[in-house]
Protein chains: 2
Amino acid sequence: MTPQAPPPAYRRLSVEERRSQLLEAALALFAHRPPEEVSLDDVAEQAGVSRPLVYRYFPGGKQQLYEAALRSAADELRLCFDEPRQGSPLARLARVLDRYLAFVDQHDTGFSALLRGGSVAETSRASAIVDGVRRDAAEHILRHLDADEPGPRLRMTVRMWIAAVEAASLIWLDEEKQPPAEELRDWLVEQFAAVLAVTARRDPQAEAVLRVLSADV
Amino acid sequence: MTPQAPPPAYRRLSVEERRSQLLEAALALFAHRPPEEVSLDDVAEQAGVSRPLVYRYFPGGKQQLYEAALRSAADELRLCFDEPRQGSPLARLARVLDRYLAFVDQHDTGFSALLRGGSVAETSRASAIVDGVRRDAAEHILRHLDADEPGPRLRMTVRMWIAAVEAASLIWLDEEKQPPAEELRDWLVEQFAAVLAVTARRDPQAEAVLRVLSADV
């Protein structure tokens with residue numbers, strides 16, 4: 001029997017595992033620094049791997065790293081939207097907001113940095129990624145409202161509210177996460193109901209949705 | 001007496017006049033094409049001037065032209081906010097929105113392009129310009145609401161509403177300017193009152209502002 005080789009000092013990761021390890025390291029750095037100040041070398045150091053390895057995964061440099069991190073954050077964000085069709089739609093909205101605010105809280109400065117971009121961000125591609133998340137969020141909400149073929153006024157109401165939520169989360173991060181997440185969540189849910197009620201004055205479809213929401217409360 | 005020289009075929013413009021002529025030409029082009037597709041040569045052609053002249057004014061190329069155009073649009077936008085402190089605050093808000101929507105209508109695709117940036121836009125500087133306009137808009141509104149030292153909840157409400165208005169105008173342009181501007185304006189004003197009422201449930205300052213607004217209606 002030959003003596004066993006000592007186990008390697010590090011676990012060998014698959015390509016996908018390695019990639020997500022590096023992206024996690026990048027996102028952790030983005031949480032404290034704007035994208036243009038994060039170099040591939042920093043990512044190597046953060047992940048505890050060699051520089052050439054990082055360069056092998058992101059031959060396109062900072063720009064590629066930024067976009068990959070943005071895409072990975074976008075995927076994670078989409079997971080927040082998964083909500084069973086149970087209970088009142090406003091309670092569901094509250095649960096989605098809880099997960100969304102936890103995501104914002106966790107990624108912190110990285111959330112603003114990713115959303116606001118920076119000088120490394122080739123905006124048209126990056127903003128297409130962010131716009132994709134916004135569109136998905138709107139679709140999810142409209143589906144939970146049981147609005148078949150939602151008309152332009154109902155769609156616009158939902159998309160405006162999403163823009164307001166996004167603005168709120170950036171301000172929330174700027175203001176040291178005040179008010180507390182639970183209060184912000186309730187406030188946002190109430191705003192949703194309020195703007196829907198305004199739309200309902202001029203849109204029968206929004207009125208029907210509002211009637212269902214009010215019956216649930 | 002020596003014979004008079006014939007008048008020049010074109011009027012001699014001051015540096016400032018020439019600059020604004022070129023920026024107007026650029027904005028006109030941005031109204032139909034994304035910034036990355038507008039070259040300095042296009043601007044020369046649009047303004048009916050020589051190419052070297054345009055290069056003299058914008059030696060920094062596309063990027064400089066884009067930022068200058070953004071700054072000029074930002075200045076124009078700020079003019080929309082000028083509103084005398086007369087009549088009810090909501091009526092004032094409606095008049096500001098009328099001017100704002102006329103601006104959006106006039107600049108059309110250029111408005112989205114300027115806001116959304118493009119691959120020529122070095123985002124951090126460009127977004128600082130856009131953020132400056134948003135901040136100014138918020139200050140104007142808070143002043144018209146007679147909110148001395150507005151607290152975080154009132155500020156956040158106003159800034160969230162501004163984000164919603166911005167989203168609404170981009171969607172409005174995408175949807176062939178439907179609903180009509182007057183309806184969109186009324187809808188946005190009513191939303192403002194509605195979200196303020198939601199904030200008033202948890203913020204005495206917002207409640208006081210709301211009381212004044214309601215007394216005026």
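The values are calculated or read from the model by the stated rules, or taken from the named source; none is laboratory data. All of these numbers come straight from a predicted model, not from anything done at the bench. All Cβ positions, glycine included, derive from the backbone under ideal geometry; neighbour counts span all protein chains shown. The accessibility values were calculated without ligands, DNA or RNA, using every heavy atom of the protein model including side chains. Shrake-Rupley method; radii C 1.70, N 1.55, O 1.52, S 1.80 Å.
Which number comes out as Rg/Rh for segment A:23-67 once both Rg and the Kirkwood Rh are worked out on C-alpha atoms? Present the calculation step by step, with values, prior to reporting the outcome.
Working: Rg = 9.2 Å, Rh = 10.2 Å.
That ratio equals 0.91.
Label positions at B:Ala74 and A:Arg51, each projected 7 Å from the Cα along the C-beta direction, are separated by 3.6 nm. Taking all C-alpha pairs of chain B, those more than 31 Å from each other amount to 34 percent.
What is the local net charge at A:Arg185, summed over the other residues whose Cβ is closer than 13 Å to its Cβ (Lys, Arg +1; Asp, Glu -1)?
Values: positive: A:Arg92, A:Arg95, A:Arg99, A:Lys177, B:Arg202; negative: A:Asp98, A:Asp105, A:Glu182, A:Glu183, A:Asp186, A:Glu190.
Cβ neighbours under 13 Å give a net charge of -1.
For the cross-link pairs B:Lys62/B:Lys177; A:Lys62/B:Lys177; A:Lys177/B:Lys177, the ones whose C-alpha atoms lie over 31 Å apart are A:Lys62/B:Lys177; A:Lys177/B:Lys177.
Given R₀ = 30 Å, what would the calculated FRET efficiency be for B:Arg202 paired with A:Asp42, taking r from the Cβ atoms and rounding to 0.05?
Numbers: r = 42 Å, r/R0 = 1.39.
Using R0 = 30 Å, I get an efficiency of 0.10.
What is the extension gain from A:Ala31 to A:Arg211, computed as 0.36 nm multiplied by their sequence separation minus the C-alpha to C-alpha distance, in nm to one decimal?
Numbers: separation 180, 0.36 × 180 = 64.80 nm, distance 4.16 nm.
So the chain would gain 60.6 nm between A:Ala31 and A:Arg211.
Taking the charge dipole of segment B:81-217 about its Cα centre, with +1 at Lys and Arg Cβ atoms and -1 at Asp and Glu Cβ atoms, the residue from B:Trp187, B:Ser88, B:Met156 reaching farthest to the positive side is B:Met156.
Dipole size in debye (nearest 20) for chain A around its Cα centre, Lys and Arg Cβ +1, Asp and Glu Cβ -1? Using Cβ point charges on Lys, Arg, Asp and Glu, chain A gives about 580 debye.
With angles folded into 0 to 90 degrees, how steeply does helix A:123-144 sit against the dominant principal axis of chain A? Use alpha carbons for both and round to 10. Taking Cα atoms only, the helix is inclined about 50 degrees.
Taking the Cα centre of segment B:147-205 as origin and assigning +1 to Lys and Arg Cβ atoms and -1 to Asp and Glu Cβ atoms, the resulting dipole is close to 400 debye.
Relative to the longest principal axis of the Cα atoms of chain B, the long axis of helix B:204-216 lies at roughly 80 degrees. For the peptides A:80-89, B:17-26, B:179-188, B:159-168, the ranking by packing is B:159-168, B:17-26, B:179-188, A:80-89, with the highest mean count of neighbouring Cβ atoms within 10 Å listed first. Within the protein assembly as shown, the ratio Rg/Rh, alpha carbon atoms throughout and Rh by Kirkwood, equals 1.04. Sorted largest first by accessible area at a 1.4 angstrom probe radius, with every protein chain in place, the residues B:Asp42, B:Asp75 fall in the order B:Asp75, B:Asp42. Averaged over the residues of B:166-176, the number of partner chain Cβ atoms lying within 10 Å of the residue Cβ comes to 3.
A simple rule links phi to the HN-Hα coupling: the Karplus curve 6.51 cos²θ - 1.76 cosθ + 1.60 with θ = phi - 60°, which for segment A:183-199 gives 5, 4, 4, 4, 4, 5, 5, 5, 5, 4, 4, 5, 6, 5, 5, 5, 5 Hz, with x for Gly and Pro.
For A:Phe103, the accessible surface of its heavy atoms amounts to roughly 10 Å² (probe 1.4 Å, protein chains only, rounded to the nearest 10).
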